[in-house]
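Enquirer: Have a look at this one.
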Amino acid sequence: MKATIALIAAGGVLFGCGTALLMSRPLTRILLGAVLLGNGANLLVLATSGKAGKPPLLYPGTDPKDVTDPLPQAMALTAIVITLALTAFLLAMAYRSWQLSGNDDVQDDVEDIRIALRAEHEGTRAELRAVLRADRVRQARAEETEDLDDEVWDHVLGADR
C-alpha cells in the first residue's frame, strides 16, 4: 500500500512538473515537459494495475485471483513508444529552430495576435458601427431636407434661366 501511494505521489509530481514545463516558450523545456508528462502518466497507470510481484499470465495451477491485469502494462509500453516518438519529433523541431534562428523560442503567430486584438476591439467596433449608421441616417435626412428646401425656394423665387 505504501509503495502504491509513493508511486501515485511520484507520478503526480512528474505530471505537475511536466505540465508546468509545457507552458514555457523554449522548445527544450517543452521537450522536457513532454518527457516528464509521459513518465508521470506511465507511473500513474502502473500504480493502478494491481498488486506487485504477481504474474500477468495464467499458467496451469494459477488461481485467477492471483494474476495481475496485463492491460495497464500494455498501455504503459504503448505510452513509452508514443513518448519516444514525440520526443524525437520535438527534438528535431528544436534543432531545426536552433539552426534557423539561433534560439529555440516559440514565436508568436501574427494571425493569432490579429485575432486576439480583433476580439478585444469587437465591442468598440460595434459602437463605431452604430455611430456610423446613425451618421448615415442623419446625412440622408439632411439631404432630403436640402432637396425640399431647394424646391421651395425654386417655387418662391422662380427657376433661374
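Enquirer: Rounded to the nearest 10 Å², what accessible area does Glu127 have for a 1.4 Å probe in the complete protein model?
Expert: My reading of the accessible area for Glu127 is about 120 Å².
Enquirer: Please list, ordered by chain and number, the residues whose modelled amide H lies under 5 Å from the amide H of Asp105; skip anything fewer than 5 residues away on the same chain.
Expert: Answer set, sorted by chain and number: Leu27.
The values are calculated or read from the model by the stated rules, or taken from the named source; none is laboratory data. Just so you know, these numbers come straight off a predicted model, no measurement behind them. Surface accessibility is based on the protein's heavy atoms, side chains included, excluding ligands, DNA and RNA. Shrake-Rupley method; radii C 1.70, N 1.55, O 1.52, S 1.80 Å.
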